[in-house]
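Participant: The structure that follows is given in the form of structure tokens.
The values are calculated or read from the model by the stated rules, or taken from the named source; none is laboratory data. Bear in mind the structure is a predicted one, so any value in this text is a computation, not a measurement. As a convention, Cβ positions derive from the backbone with ideal geometry for all residues, glycine included, and neighbour counts pool all protein chains shown.
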Number of protein chains: 4
Amino acid sequence: MCRWLAYSGNPVLVERLLYGPTHSLIDQSLHSTLGAETTNGDGFGIGWYGEGPTPGTFKSTEPAWNDWNLRDLAAHIRSGLVFAHIRAAIGSAVQLTNCHPFRHNEWLFMHNGYIDGFDRIKRDLTFAVDPSLYPSILGSTDSEVLFNLALTFGLADDPQKGIERAVGFVEATGYEHGVEEPMQMTLAVSDGSTLWGFRYSSGGHSRSLFYSTDVASLRVLYPDLETLNELDDHARLVVSEPLGDLPGAWNEVPESSCGVVQKGQDELRPFKPAPPVRSL
Amino acid sequence: MCRWLAYSGNPVLVERLLYGPTHSLIDQSLHSTLGAETTNGDGFGIGWYGEGPTPGTFKSTEPAWNDWNLRDLAAHIRSGLVFAHIRAAIGSAVQLTNCHPFRHNEWLFMHNGYIDGFDRIKRDLTFAVDPSLYPSILGSTDSEVLFNLALTFGLADDPQKGIERAVGFVEATGYEHGVEEPMQMTLAVSDGSTLWGFRYSSGGHSRSLFYSTDVASLRVLYPDLETLNELDDHARLVVSEPLGDLPGAWNEVPESSCGVVQKGQDELRPFKPAPPVRSL
Amino acid sequence: MCRWLAYSGNPVLVERLLYGPTHSLIDQSLHSTLGAETTNGDGFGIGWYGEGPTPGTFKSTEPAWNDWNLRDLAAHIRSGLVFAHIRAAIGSAVQLTNCHPFRHNEWLFMHNGYIDGFDRIKRDLTFAVDPSLYPSILGSTDSEVLFNLALTFGLADDPQKGIERAVGFVEATGYEHGVEEPMQMTLAVSDGSTLWGFRYSSGGHSRSLFYSTDVASLRVLYPDLETLNELDDHARLVVSEPLGDLPGAWNEVPESSCGVVQKGQDELRPFKPAPPVRSL
Amino acid sequence: MCRWLAYSGNPVLVERLLYGPTHSLIDQSLHSTLGAETTNGDGFGIGWYGEGPTPGTFKSTEPAWNDWNLRDLAAHIRSGLVFAHIRAAIGSAVQLTNCHPFRHNEWLFMHNGYIDGFDRIKRDLTFAVDPSLYPSILGSTDSEVLFNLALTFGLADDPQKGIERAVGFVEATGYEHGVEEPMQMTLAVSDGSTLWGFRYSSGGHSRSLFYSTDVASLRVLYPDLETLNELDDHARLVVSEPLGDLPGAWNEVPESSCGVVQKGQDELRPFKPAPPVRSL
């Protein structure tokens, strides 16, 4: 169980996203309200696009709530596309290589949820990863394997297709091994200009995911909320749990959906796992 | 806010104390039920008497619940006098030098609570520490200063007197600076053969503290509880919160008390702060 | 024993300063050539001016040479005034609060060297720190106490005077306690626009300190060195040990000197400790 | 590049092994003399047999030289079979799951050296690990894969055979991928009663390995060396580099050898990689 937040919009200081509102992501690291586990203290990570061809990341194995480096960096890094993730480890080691977001070239990826029965199917999943990607698997989480499967199955060309095939493959492999509901996930993926958010689970009872109401409407609802003046009309947050206490500000992502935050009109599409056809 | 456990009795594996019962101290690091803060994830420490003239300690800045070193050490260290402490930092840094138990020669000391207004009176308290002890203050907590004040005021000769004078001095200093209720504490102190436990607060609403019922009576109450066969008749636990779910097994330490677990009959005495008389 | 680097000039990526040249500061963390200790693996820190009213810092207790967060941050943070410090602890704990640079409001401070006999005079020195600054001492190093003494003695109004008085006070206190050569230091101090560098020791055999030749002259010496095209004419580095292998690029700061890198002409001034006059 | 030490004999405090002699293993973490890399600061680990059915381990990602927990544990843990390892990472992450010794049931394993071209052949090697062992690979080192290959190929029944087959398999796989000298290693393996040490490299220029002269002879050579009185006649150390400065105390393990420290007469045998025959 984990919690995450993704922001796309005009460049803002990361601290406005992480520490600003009541019930902020950092508050949730100590006490979340919608999760099975209420403490997410097994490390954290942020990723952001700014200088350079690839995004920056900062990760730690300590809880986010008392991390002085995170507070300082958040006050000094400004970005228009930010990922943040707090972790509740279920079994795998608390180490930097298990902290999200994961990065591959210009891509960032983070995950809340799990692959059920991972111990039994980890080997099959890992060996389906493209051999050229295999050495770049550095940690031991199901999430990193899922990311590398999606890269193997074409994420860089079509992120939704890549994820649908990866999830389809995980489900097919899980079912073969008698796992009833192999996949539980909310996911965020980005290449630095577009942000994809996914909500899906094999059993149809996915973990929560929300996106923020468009900023223009929020300004009408909350004319006195100063934070809104910092944001341009295209700014959008996608979060595991609503931040702040603002009725009308958050909208649930439907089950089995993919939301796309992009230049032009944002989209909400159906998500359908597509097990890759295996050649004999 | 913190949680702690102290054990005195026949030598047992530390894991039996930390991980064994439901609602164990390690469970409490993630979710405690009697505390203002329910998560105690800002580091931890254990201390034990065994090999060598001084007790051993092991400390970490990471949460106890997922610490693999702690699990391994607890399974391989056997001792008849064990301290364990999980920390919820309120302001001061998460670093090894701020983790309990603190050690001085053969003495161990740990604390749950705080000195209110510590920022304002830290300087006065610290300069009252004996100059020969001053360089051994390595961290930045109120607890370590309190321990060094008690050492300054005679803890090594008479632990209860040393603590009473230290608390009296803290209260007197606090009142001078307008702090209404300077002291909030449960404390454990040991020299390796006797265990002293204290419960006190300036306002008379101290944090919880419990001691275990004598083992002979427990065997009558719970004839099937195998753990009891491992313990001899003189074994005693003192804890912030009851472990397990055993009616009759835990007894509240009264407000303003000092309990003494020792060879022969254990004792429960009144505790009364005694501000040291200052010479002009 | 430590190593440090300070940069003032046009904004550059921090990685150009830390990782670029052969014999870079990161190389020195593993193997330095001019130090008593050749390994500086007991934590590190960077400080930089950019977003916000106060400088950012990032610190770690792990060696710099293999720190993935540092590599990532250095590739994504651009600044025109950067401090970097690698530590070889001599006695005091390896913890974030002991890592340089230290910060107070807009000021950064870092130190290579030591106060000799610190254990004996720490109490007297710490007592002399202004009571309003006292609670902000978070670690246990001589360096942090020296910084707070300099702040007490007027660093914010006149940095050279503040340091001269602090060093004078340290020396006077040390001599009273029979310490023969109390001070050994190279120091860097900045308020975000000017950079002060100091080289001094009570015995007149100070640790090494170098400043870079002006960029215009370097371009004549090394017309093919591409890095120089990134730097403007006012860029200046001050370092514990020369970086790269560039004859003519580095100039030793003389003993008992203060160098000032500033808008307009940089300066090199004599440095003379000035024990503050004590009132009775 | 790493350094290690293995002890078999009567139970002694771990600190006698790690901190006692000049040029101790802890000294070597900062400055070794026989290694390509002279600093081994990328984490460390100890393993020991004592309480319980499996050995205990303690690992850290910080350098050994300043680790306070290690110093304390070493002063309080007594054992008759001890492994200690200090790491210089070459590429792979500094994290607990990459620290030696590795453990499987009652077995401990540690390695100095590397599998050349590991990035290219990691996938093939990992695939060859028994599927039941696969999920227990927690880190990303070549050493842990080598250990799991040896377990796959029968280490638990015949340690030398298991290692010979694993090394044979690594070499065969490496040669297929154009790696000229795939294996470089000194290894220690134990089940808690016998200690196996290996020295081998594909190119015949293996890293150094030494075993201590029998204690009876040492007592004749060094009648005044008090440490020898603590050791019984069967005590033996196997080390990457000689400890102390004691002519006659250390003997080089020959190239391509396996030394066995056991009840009864110790043995030195030839070591010969044996690629497992593959069925079609």
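Participant: Please work out if B:Leu155 is away from chain C (no Cβ under 14 Å) and touching a helix residue (DSSP H, G or I) at 6+ places or on another chain (Cβ under 6 Å).
Facilitator: yes
Participant: Of the conditions (1) away from chain C (no Cβ under 14 Å); (2) surrounded by fewer than 22 Cβ atoms within 10 Å (Cβ to Cβ); (3) farther than 22 Å from A:Val260 by Cβ, A:Asn10 satisfies every one except a single condition; which number is it?
Facilitator: Going through (1) away from chain C (no Cβ under 14 Å); (2) surrounded by fewer than 22 Cβ atoms within 10 Å (Cβ to Cβ); (3) farther than 22 Å from A:Val260 by Cβ one by one, A:Asn10 breaks only (3).
Participant: Taking segment D:46-91, which residues are over 17 Å from the mean Cα position of the chain (by Cα), among the aromatic types (Phe, Trp, Tyr) and within 20 Å of B:Ser79 (Cβ to Cβ)?
Facilitator: D:Trp68, the sole residue that qualifies.
Participant: Give me the strands (runs of 3 or more DSSP E) completely within segment D:171-270, filtered to those with at least 1 residues that are over 23 Å from D:Leu149 (Cβ atoms) and not hydrophobic (A, V, I, L, M, F, W, C), ordered by residue number.
Facilitator: D:210-212, D:236-239, D:250-252, D:267-270
Participant: Is it the case that A:Pro135 is in a helix (DSSP H, G or I), more than 23 Å from A:Ser257 (Cα to Cα) and within 12 Å of another protein chain (Cβ to nearest Cβ)?
Facilitator: yes
Participant: Can you pull out the residues in segment D:37-68 that are within 10 Å of chain B (Cβ to nearest Cβ), outside any strand (DSSP E or B) and hydroxyl-bearing (Ser, Thr, Tyr)?
Facilitator: D:Tyr49, D:Thr54 - these are the residues of segment D:37-68 that are within 10 Å of chain B (Cβ to nearest Cβ), outside any strand (DSSP E or B) and hydroxyl-bearing (Ser, Thr, Tyr).
Participant: Another question, if that's okay. Within segment B:173-187, which residues are among the acidic types (Asp, Glu) and crowded, with 19+ Cβ neighbours inside 10 Å?
Facilitator: Selection gives nothing.
Participant: In addition: Considering only segment B:110-124, I want to know if a residue exists there that is more than 14 Å from chain C (Cβ to nearest Cβ), part of a loop (DSSP other than H, G, I, E, B) and of a type outside the set (S, T, N, Q).
Facilitator: Yes, segment B:110-124 contains at least one residue that is more than 14 Å from chain C (Cβ to nearest Cβ), part of a loop (DSSP other than H, G, I, E, B) and of a type outside the set (S, T, N, Q).
Participant: Specify the residue that is surrounded by the fewest Cβ atoms within 10 Å (Cβ to Cβ); the eligible residues are those in segment A:69-109 that are away from chain C (no Cβ under 13 Å) and of a type in the set (Gly, Ala, Ser).
Facilitator: Per the criteria, the residue is A:Gly91.
Participant: Looking for something farther than 30 Å from D:Pro11 by Cβ and at pLDDT below 95 - is there at least one such residue anywhere in segment D:95-112?
Facilitator: yes
Participant: Inside segment C:200-241, can you point out the residues that are among the hydrophobic types (A, V, I, L, M, F, W, C) and closer than 23 Å to C:Ser29 by Cα?
Facilitator: C:Leu209, C:Phe210, C:Leu237, C:Val238, C:Val239
Participant: Give just the number: which of (1) touching a Pro at 6+ places or on another chain (Cβ under 8 Å); (2) assigned to a strand (DSSP E or B) does A:Arg165 not satisfy?
Facilitator: (2)
Participant: What are the residue pairs meeting all of these: first residue in segment D:61-89, first residue in contact (Cβ under 8 Å) with a residue 40 or more places away in the chain and within 16 Å of D:Val12 (Cβ to Cβ), second residue part of a helix (DSSP H, G or I) and of a type in the set (S, T, N, Q), Cβ atoms under 8 Å, and 6 or more apart or on different chains?
Facilitator: none
Participant: Tally up the residues in segment C:143-160 that are hydroxyl-bearing (Ser, Thr, Tyr) and buried (at least 24 other Cβ atoms within 10 Å of the Cβ), please.
Facilitator: Of the residues in segment C:143-160, 1 are hydroxyl-bearing (Ser, Thr, Tyr) and buried (at least 24 other Cβ atoms within 10 Å of the Cβ).
Participant: Within the group C:Ala216, C:Ala188, which residue is within 29 Å of C:Gly244 (Cβ to Cβ), over 18 Å from the mean Cα position of the chain (by Cα) and among the small types (Gly, Ala, Ser)?
Facilitator: C:Ala216
Participant: Looking at this structure, is B:Val167 buried (at least 22 other Cβ atoms within 10 Å of the Cβ) and without any contact (Cβ under 8 Å) to a residue 40 or more places away in the chain?
Facilitator: Spelling it out, it is not the case that B:Val167 is buried (at least 22 other Cβ atoms within 10 Å of the Cβ) and without any contact (Cβ under 8 Å) to a residue 40 or more places away in the chain.
Participant: Working carefully through the options C:Leu18, C:Leu30, find the one that is within 15 Å of the chain's Cα centre (by Cα) and either in contact (Cβ under 8 Å) with a residue 40 or more places away in the chain or more than 14 Å from chain A (Cβ to nearest Cβ) (or both).
Facilitator: Being within 15 Å of the chain's Cα centre (by Cα) and either in contact (Cβ under 8 Å) with a residue 40 or more places away in the chain or more than 14 Å from chain A (Cβ to nearest Cβ) (or both) holds for just one of C:Leu18, C:Leu30, which is C:Leu18.
Participant: If D:Leu146 satisfies every condition in (1) over 21 Å from D:Pro53 (Cα atoms); (2) more than 20 Å from the chain's Cα centre (by Cα) but one, which is the exception?
Facilitator: (2)
Participant: Same structure, new question: Is one or more of the residues making up segment A:194-201 surrounded by 19 or more Cβ atoms within 10 Å (Cβ to Cβ), of a type in the set (Ser, Thr, Tyr) and either within 21 Å of D:Val129 (Cα to Cα) or without any contact (Cβ under 8 Å) to a residue 40 or more places away in the chain (or both)?
Facilitator: No, segment A:194-201 contains no residue that is surrounded by 19 or more Cβ atoms within 10 Å (Cβ to Cβ), of a type in the set (Ser, Thr, Tyr) and either within 21 Å of D:Val129 (Cα to Cα) or without any contact (Cβ under 8 Å) to a residue 40 or more places away in the chain (or both).
Participant: Ok, one more. Just to be sure, is B:Ser140 surrounded by 21 or more Cβ atoms within 10 Å (Cβ to Cβ), assigned to a strand (DSSP E or B) and hydroxyl-bearing (Ser, Thr, Tyr)?
Facilitator: No.
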